[in-house]
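Structure record follows, encoded as structure tokens.
The values are calculated or read from the model by the stated rules, or taken from the named source; none is laboratory data. Note that the coordinates shown come from a computational prediction; the quantities given were computed from them, not determined experimentally. When we count neighbours, we look across all protein chains shown, and the Cβ atoms used for this are built from the backbone with ideal geometry, even at glycine. Heavy atoms of the whole protein, side chains included, go into the accessibility calculation; ligands, DNA and RNA do not. Shrake-Rupley method; radii C 1.70, N 1.55, O 1.52, S 1.80 Å.
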Amino acid sequence: DFTAYYLQNQTDDFRYLNPGFTIGGPMVKNKLWFFAGYYPELRRWERPVTFLGGDGGEEIFERKDKRDYFNGKVDFAPFSSLRTYFGYIYAPNRQNGILPARDGTSDPATPWRDKGLRSPATSLSFGADYTATPKLILSARGGYNYTNTKDYGVPTVPVSLYSNNNTMFPEVPAAFKASYSGYLPGYGANAMTTRDIQTRFRTSADASYIFSAAGQHTFKAGYEINRLHNEPAYGSWPNGYLRFYWNGTYTGQTSRLGEKMKGKYGYLRHYLYGESGNASSDNQSIFFQDAWQVNRRLTLQLGLRMEREYLPSFAVGNNIPSRAIEFGFGEKLAPRLGMALDVLGNGKWKVAGSFGLFYDMMKYAMPQGSFGGAKYQMWFYPLDNPDPMFYASKLQKSGDGLALYEPLKDLQLFEHIDYRIPSNDPNDNTIDPNLKPMRRRVYDISTDYALSSSMVFSARYTHNSVDRVIEDVGTLTSQGEKYYIANPGFGITVAPGTWDAGYPTTPKAKRNYDALELRLDKRFSKSYYFSTSYTLSRLYGNFSGLASSDEPDADGLGRTDPSVSRYYDLPWLSYDSHGELVEGRLGTDRPHALKFFGAYTWKNKLGETNFGPNFMLMSGTPVTTQVNVNATAPVYVNGRGDRGRTPTFSQMDFYVYHEVPIGESKSIKFDVNVQNLFNQSTVTGIYTNVLHDDYGQSLKFNPPTDFFKGFNWQQMVATGVADGSLYNDPRFGMAQVFQGPRTLRLGLKFTF
């Protein structure tokens, strides 16, 4: 627990196969064409594991994945002015077997070989283009997507977890005696996804008309509607979750606040955590745009987009509205302005500029978490029976045998706590009544100059900034954490009386990206082409984005919970140890980036060989010290980037293929695709938490508002370590995430 070192795990035996075929051609000459293809992906892993909690012997575990990719398309042109198409994609995924952790820390009682999942996926698309007159074109597009996920092989026993040992009670049946804290063998964690249905239907129509008026105009107008649906049921334990606090005393938290309660053998917690419900919504947009060629050298792009959207509620009943948030067309007006100028009038030098407002279309992560989708409830009972299975028998079951999350039958209840009251509950609606949609603005200025008939030099400056965001904004009250759905820095988050005395108002979200890109492109000639660019940029502010890079997961990729990230959950998350607002280079900032992509074709007696190198060289990303404060909330105590950056990142990928013609209509193609050719293992993530996560460590401030007065965090940590109330995390400062290893893929294709 208090020593950190690197382990080289034994590698898996891995195989990947991607066989397939495509076929296509005319069915009726100049009228009807078809295309079909099938390319399944077949993956297989074998992993040797020696469980730390097992009998010491090595076991071999296998996982097999199969994802089908079938696609078909039909194009139909009944007459010259009308073209239509219909497409279909079928891509289900099947997984047989789950692999335990390489290091042996997994539970050997879990049925790894029996577990798996099924994930059907279907996509349909259609469209038509009609040339009504030489000046008028009408178009329509549409599509439907369906996905679902379901686990199987999940154990049907209720999860049983001990928070401490129970050896002090001789009455406990021998099979359930334990001198440790943790899951009972055979009764470990078994969360399950019963379903996660997601559908989307999109259809649009537009018209383009060409006319002359002080120049030539190509005017276009269109309408689009997206219908979304989500029906989740996952994360919970299919047959209940029971946690035993042997010889423990429960302290009331809500209606019995502060009251001490205990059964003969301690107390019990029945636990629900997951997501379920059924919600749908539709989003609509209208746009108008005009490409106005004022004269031979000057073109203007003028446009306006309007959107109407609403976010549904997963909670129903009790007068909770089905639409939690709604924005009308007038609230999402997005102008788009652009200009392109042929400076010399000979097509060699172009200068262009643009400006646009862009609105985010809200994702379902917010209603899942804040509007009734997420379930987080606890029931507390006296522990009066020494047999854990007595309480398992009290779990109420549905017709299919799965647990119903209701009180245990015929038992005294200490307290019931619901930690996920919907934010749109009319009894305590915490959605800002003046909420505005998330918006960003983008400026772009560029110039292109033709150095020769095949070589173009470009320079481009971009400014991309967030005007406002939507987040769940929290504060601490006498009843615990309370969250508002709001625009940080606006409306209710800065209104007098929203926060208790001593808490600062929520800062405005800031995310500014400025970049200068220099680029040189050579079109294909003399058997080769290339594209190379250098970008000098700065990503600065306090908002790490919809995919929050401030909250990296095990792969260092960030947390993908748009509009419900951690950053605004508590007031002190925005401040450092000096009580100053934290702003700086954001987690994905890379000031320097050099990229090169090229290709060379070598014609020889055996056919044609093509080479394609791809190289990138980029700055590392900022590394920031974090210390948990008041209930494990991470705070950037020294500001952002105080520990410098991860090492400079570089990678060379290489692609080569050789095509051999066989007669006039046949050929064989061999290809090799190598990523990370030199097998570099650059550090891309560093562990930055000072205090030990596994022990729920944090600096405590009482009252919490003392945090904002400033504090010496090093001294507080040292004092806590000395008296045993805090533990330093031994991983602090160590490399945590690395560049992916070299991969090589071989391909063979026969065309006839």
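Is it true that Asn145 is assigned to a loop (DSSP other than H, G, I, E, B), among the polar types (S, T, N, Q) and touching a residue at least 24 places away in the same chain (Cβ under 8 Å)?
no
Could you check region 187-224 and list, in sequence order, the residues that are in contact with an Asp or Glu (Cβ under 6 Å, 6 or more places away or on another chain), at pLDDT 95 or above and open to solvent by less than 40 Å² (accessible area, probe 1.4 Å)?
Ile197, Ser204, His217, Gly222, listed by residue number.
Residues of region 18-32 being under 28 Å from Gly747 (Cα atoms) and open to solvent by less than 80 Å² (accessible area, probe 1.4 Å), which ones?
Within region 18-32, Asn18, Pro19, Gly20, Thr22, Gly24, Gly25 meet the criteria.
I need every pair where a residue in region 510-522 that is surrounded by fewer than 17 Cβ atoms within 10 Å (Cβ to Cβ) has its Cβ under 9 Å from the Cβ of a residue that is of a type in the set (A, V, I, L, M, F, W, C) and not in a strand (DSSP E or B), sequence separation at least 6 or different chains.
Between residues of region 510-522 that are surrounded by fewer than 17 Cβ atoms within 10 Å (Cβ to Cβ) and residues that are of a type in the set (A, V, I, L, M, F, W, C) and not in a strand (DSSP E or B), the close pairs are Leu520/Leu451.
List pairs: first in region 366-379 and farther than 19 Å from Ala486 by Cβ and open to solvent by 30 Å² or more (accessible area, probe 1.4 Å), second part of a strand (DSSP E or B) and of a type outside the set (S, T, N, Q), Cβ under 6 Å, 6+ apart or cross-chain?
Once the first residue is farther than 19 Å from Ala486 by Cβ and open to solvent by 30 Å² or more (accessible area, probe 1.4 Å) and sits in region 366-379, its partners that are part of a strand (DSSP E or B) and of a type outside the set (S, T, N, Q) give Lys375/Leu272; Lys375/Gly274; Tyr376/Tyr273; Gln377/Leu272; Gln377/Asp418.
Which ones in region 83-106 are open to solvent by 40 Å² or more (accessible area, probe 1.4 Å), outside any loop (DSSP other than H, G, I, E, B) and farther than 19 Å from Ala36 by Cβ?
Across region 83-106, the qualifying residues are Arg83, Arg94, Asn96.
In region 712-752, which residues are polar (S, T, N, Q) and over 26 Å from Gly644 (Cα atoms)?
Hits for region 712-752 are Thr719, Ser725, Thr743, Thr751.
Filter region 672-686 down to residues that are open to solvent by less than 20 Å² (accessible area, probe 1.4 Å) and either touching a Lys or Arg at 6+ places or on another chain (Cβ under 9 Å) or hydrophobic (A, V, I, L, M, F, W, C) (or both), then give me how many there are.
Count: 2.
Could you run through region 619-635 and say how many residues are buried (at least 16 other Cβ atoms within 10 Å of the Cβ) and over 23 Å from the mean Cα position of the chain (by Cα)?
Qualifying residue count for the region: 6.
Look through region 38-54, keep the residues that are in contact with a Phe, Trp or Tyr (Cβ under 8 Å, 6 or more places away or on another chain) and outside any strand (DSSP E or B), and return whichever of them is farthest from Ala109 (Cα to Cα).
Tyr39
Suppose we filter Tyr484, Tyr461, Tyr405, Tyr391 for residues that are in contact (Cβ under 8 Å) with a residue 60 or more places away in the chain and over 22 Å from Phe314 (Cβ atoms); which single one remains?
Unique residue meeting the criteria: Tyr391.
Can you find a residue that is of a type outside the set (Phe, Trp, Tyr), closer than 20 Å to Leu617 by Cβ and either open to solvent by 40 Å² or more (accessible area, probe 1.4 Å) or modelled with pLDDT of 95 or more (or both) anywhere in region 695-707?
No - not one qualifying residue is present in region 695-707.
For residues that are within 21 Å of Leu539 (Cβ to Cβ) and surrounded by fewer than 18 Cβ atoms within 10 Å (Cβ to Cβ), tally how many sit in region 470-509.
Summing the residues that are within 21 Å of Leu539 (Cβ to Cβ) and surrounded by fewer than 18 Cβ atoms within 10 Å (Cβ to Cβ) in region 470-509 gives 0.
Go through (1) under 30 Å from Thr705 (Cβ atoms); (2) open to solvent by 40 Å² or more (accessible area, probe 1.4 Å); (3) in a strand (DSSP E or B); (4) of a type outside the set (Gly, Ala, Ser) for Lys595 and report which single condition fails.
(1)
Determine if region 343-359 includes at least one residue that is at pLDDT below 95 and in contact with a Gly (Cβ under 7 Å, 6 or more places away or on another chain).
No: zero hits.
Considering only residues that are of a type in the set (S, T, N, Q) and within 30 Å of Ser208 (Cα to Cα), look in region 297-325 and name the one that is most open to solvent (accessible area, probe 1.4 Å).
Ranking the qualifying residues of region 297-325, first place goes to Gln301.
Is one or more of the residues making up region 135-145 under 26 Å from Arg43 (Cα atoms) and within 30 Å of the chain's Cα centre (by Cα)?
Yes: region 135-145 contains one or more residues that are under 26 Å from Arg43 (Cα atoms) and within 30 Å of the chain's Cα centre (by Cα).
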